[in-house]
Amino acid sequence: MKTKKKTPPAYNLGERLKYLRESRNLSSKNFAKLVGVSPSTITQIEHEQKEPSLETLRKIAKALDVDVATLFASKDVHIFDLPRLRRKYKDVDALTPNLYTALGKVIQYAKDIGFLK
């Protein structure tokens, strides 16, 4: 039986935060510790009961190893975090076959629409 891959939720900061946290196998408690806030603060943000400050958003993004913009991206926006990819894969030969193919398709698409020459 195939398991359906979760897709990032659109527009809801709390849902997106929870998706990103869970995709990194972080419990609320461990994530809160990385961010430097209480677990209840994380829960409140994820349930849209509290709006995080800009400083907390920066800490959240750093703990998740993403850009702050990723926390607000819609489901139709795909953000390639090239600095993170570069840290993880030192050269092209280290890329997984799936990632290599996906990046190749993105580059080809960017060329096709005139974004890259």
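Descending by average beta-carbon neighbour count within 10 Å, the peptides 89-97, 49-57, 36-44 line up as 36-44, 49-57, 89-97, the highest first. Computed from backbone phi, the HN-Hα couplings of region 45-55 come to 5, 5, 9, 6, 9, 8, 9, x, 6, 4, 5 Hz, rounded to whole numbers (Karplus: 6.51 cos²θ - 1.76 cosθ + 1.60, θ = phi - 60°; Gly and Pro given as x). Going by the alpha-carbon gyration tensor, a ≥ b ≥ c the square roots of its eigenvalues, is region 27-71 rounded (a/c under 1.5) or, if a/c is not under 1.5, prolate (a/b greater than b/c) versus oblate? Verdict is oblate for region 27-71.
No value in this document is a laboratory result; all are computed from the given coordinates. Everything numeric here is computed off the predicted structure, so don't read it as measured data. Because the Cβ atoms are built from the backbone with ideal geometry, glycine has one as well, and the counts that use them run over all protein chains shown.
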